[in-house]
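Q: Here it is, the structure in full.
The values are calculated or read from the model by the stated rules, or taken from the named source; none is laboratory data. Keep in mind the model is a prediction, meaning the values are calculated, not measured. Here the Cβ positions follow ideal geometry from the backbone for every residue, glycine too, while neighbour counts run over all protein chains shown. The accessibility values were calculated without ligands, DNA or RNA, using every heavy atom of the protein model including side chains. Shrake-Rupley method; radii C 1.70, N 1.55, O 1.52, S 1.80 Å.
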Amino acid sequence: PFAEMHSITENSNDGMKVVTALFRKIAFDANCAVLLIHHAKKWAEGMAGNADSGRGGGAQIGVVRRAFTLAKMSEDEAKKMGVPNDKRHWYVRFDDAKSNITAPAEKTLWLKFKSINIMNGSGLYPDGDSVGVLDHISVDDIKKETGDILVNDQLTALSYVVMYSQGAGGNS
């Protein structure tokens, strides 16, 4: 994380200007882009797409050309998409929070956690390791997935009711 790449207090605007200027110099000298990963404020719930959701002084955002937020799906978003509350932690949103060099993105990019086997198995550990990654998913696919989950849950519940009524109720 950005906070571990320097020893300046995050709330020091003057200090953050110096630190970010160093990264800008690296970008110019190396002719490359630099992406700094930064923590959000603890109370940043509901601040998706807001550049001010980052911790520390505002100078950090003031000097960058592009800023993005990555935020977990909120309870309200889960309700609108039909995602059960206990499943919403699988989904995150990626939003354009600041764009000085191009037009901002027109819509939220949704991502879903999934596991990928990295094929490093051998000997006593043949299956190897799996790592979590974020994969793009459309809003329509989120609704379809969660709709399928709800339908399957409803069918399971219905089958238990039928089994119970046939087994315990006799002639039901």
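Q: Could you list, in sequence order, all residues of the range 107-146 that are charged (D, E, K, R), closer than 21 Å to Glu77 by Cβ and without any contact (Cβ under 8 Å) to a residue 60 or more places away in the chain?
A: Within the range 107-146, Lys107, Lys112, Lys114, Asp135, Asp140, Asp141, Lys144, Glu145 meet the criteria.
Q: Shifting gears a bit: Taking the range 70-120 as the region of interest, how many residues are modelled with pLDDT under 85 and either under 10 Å from the mean Cα position of the chain (by Cα) or open to solvent by 60 Å² or more (accessible area, probe 1.4 Å) (or both)?
A: Counting residues in the range 70-120 that are modelled with pLDDT under 85 and either under 10 Å from the mean Cα position of the chain (by Cα) or open to solvent by 60 Å² or more (accessible area, probe 1.4 Å) (or both) gives 8.
Q: Answer yes or no: is there a residue in the range 18-31 that is open to solvent by less than 90 Å² (accessible area, probe 1.4 Å) and not in a helix (DSSP H, G or I).
A: no
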